[in-house]
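Step one of this worksheet: look at the structure below.
The values are calculated or read from the model by the stated rules, or taken from the named source; none is laboratory data. Keep in mind that what you see is a predicted model, and the values were worked out from it rather than measured. Please note: Cβ atoms are built from the backbone with ideal geometry, for glycine as well, and neighbour counts cover all protein chains shown. Surface accessibility is based on the protein's heavy atoms, side chains included, excluding ligands, DNA and RNA. Shrake-Rupley method; radii C 1.70, N 1.55, O 1.52, S 1.80 Å.
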Amino acid sequence: MPRLKVGVLISGRGSNLQALIDAAADPTYPAEIATVISNRPDAVGLVRAASTGIPHHVVADLDRAAFAAATDRILGEAGVALVALAGFMRILDTAFVEAWADRMVNIHPSLLPAFPGLHPQRQALAAGVKFSGCTVHFVRAAVDTGPIIAQAVVPVEDGDGEDSLAARILAAEHRLYPLAVRLVAEKRLRIDGNRVLTAGAAAPGIAALNPTENLASNRS
Ligand code: GAR
C-alpha cells in the first residue's frame, strides 16, 4: 500500500516534526513525510528535515495570500495528501484553509476548546485547572478550532511553572501526533459535524482524579 504523503508546516524547534519523522522511519507506518515547509529560515526543524534527507523549504512571504500560494504549490509538487501543522505559528489564509479542509491537521498544547491561541500552558496555570493536555484536530478558519481527532490528558502539578507543564504536555504530543496521523492515513476517521468518529477505536476506561484518592490522611 502506498504511504500517505504528509507535508509538515513548522515555525521553530520541530520536535513534533521529529516525532512524525521517527514514526515514519518504521516502514509499516502508513504515512511518510514528503516535504517540510517553514515560514522562518532559522527554524531548527529545518535541520531535522535536512538530516533525514526530507525536502524542505522556507516560505517567508509576509503577505498571507502569497504565503498560501507558494506553500500550496510546494505541497502540490510533492504530492501531499495531508498537511500537518507542527508548531506552525502563522495564521493561514482562509481560502487555503478551506481548500485543505479535512486534509489539514494541527496539534495544540491544551485540551481544546480550552486555552486556544498563544501561551496555552500559561493560560492553564492561570485558570487553575488540574488537568491540561494536547489536542490534534482538523483545521478550520478560526484559530485552534476544528473537529477533534484525539486528545491526551496531562496532570497539572502543584509545583508547575509554564516550562515544566509545557515539557510534560510535549511528551504527550510526541505520542499523540503520530497516532492521529496514522488514523488519518488508515482512513479510520469520519467527520460528523464537529465530531470525529474513529473506526475500531476504544476510549480508555478511566476517570482520573487529581489529586488522587489515595492521599495520606491528614487527620491527627
Ligand atoms: C508545540 O507544543 C505545539 O503544540 C505548539 O507549539 C509547540 C511547537 O513545538 N503549537 C501551538 O501552540 C499551535 N497553536 P515543536 O516545534 O517542538 O513541535
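Dividing the summed helix terms, -39500 (n - 2.57) for each DSSP H run of n ≥ 4, by the number of residues in the chain produces a 222 nm estimate of -10000 deg cm²/dmol to the nearest 500.
The amide H of residue 131, built 1.01 Å from its N in the peptide plane, has 156 as neighbours under 5 Å, considering only residues 5 or more places off or on other chains. Taking amide H positions as modeled 1.01 Å from N, with prolines and chain starts lacking one, the residues under 5 Å from residue 83 and 5 or more places away or on another chain are 7, 104, 105. 3J(HN,Hα) couplings calculated from phi for segment 83-92 with the Karplus curve 6.51 cos²θ - 1.76 cosθ + 1.60 (θ = phi - 60°) are, in sequence order, 9, 10, 7, 9, x, 8, 10, 10, 7, 8 Hz; Gly and Pro show x. For a paramagnetic label modelled at 7 Å from the Cα of residue 158 toward its Cβ, which residues of segment 115-147 fall within the zone defined by backbone nitrogen distances under 12 Å? Those under the cut-off are none; the list is empty.
Any idea what diffusion coefficient segment 86-170 gets from Stokes-Einstein, in µm²/s, Kirkwood Rh on alpha carbon pairs, 37 °C, 0.692 mPa s? So the translational diffusion coefficient is about 247 µm²/s. In segment 77-220, the convex hull through the Cα atoms has an average projected area of 10.8 nm², a quarter of its surface area.
Working from Cα pairs under 8 Å separated by at least six residues, relative contact order for the chain is 18 percent. For residue 141, nonlocal amide neighbours, meaning residues 5 or more places apart or on other chains whose placed amide H falls under 5 Å from its own, do not occur. Between the beta carbons of residue 63 and residue 95, assuming R0 = 22 Å, the FRET efficiency works out to 0.95 to the nearest 0.05.
Taking only protein heavy atoms into account and a 1.4 Å probe, give the accessible area per residue of segment 72-196 in Å². It would help to have the intermediate numbers written out before the result.
On the way: 5940 Å² over 125 residues.
Result: 48 Å² of accessible area for each residue.
Taking the accessible area of the chain, probe 1.4 Å, and keeping the other protein chains in place, the carbon and sulfur fraction comes to 55%.
The overall shape of segment 19-139, judged from the alpha-carbon gyration tensor, is prolate: a/c is not under 1.5, and a/b is greater than b/c. Under the combined filter of DSSP loop state and at most 16 neighbouring Cβ atoms within 10 Å, segment 166-196 retains these trypsin sites (Lys or Arg not before Pro): 187, 188.
Applying the Karplus relation 6.51 cos²θ - 1.76 cosθ + 1.60 with θ = phi - 60° to segment 118-125 yields 3J(HN,Hα) values of 7, 6, x, 5, 4, 4, 5, 5 Hz, where x marks Gly and Pro.
Per residue, segment 5-46 exposes 35 Å² of solvent-accessible protein surface, assessed with a 1.4 angstrom probe and all protein chains in place.
Residues in segment 63-68 carry Karplus couplings, in order, of 6, 4, 5, 5, 4, 5 Hz; the curve used is 6.51 cos²θ - 1.76 cosθ + 1.60 with θ = phi - 60°, and Gly or Pro positions show x.
Out of every Cα-Cα pair that segment 141-206 contains, those further apart than 15 angstrom amount to 64 percent.
For the chain, the Cβ-based charge dipole about the Cα centre amounts to some 360 debye (Lys, Arg positive; Asp, Glu negative; other atoms uncharged).
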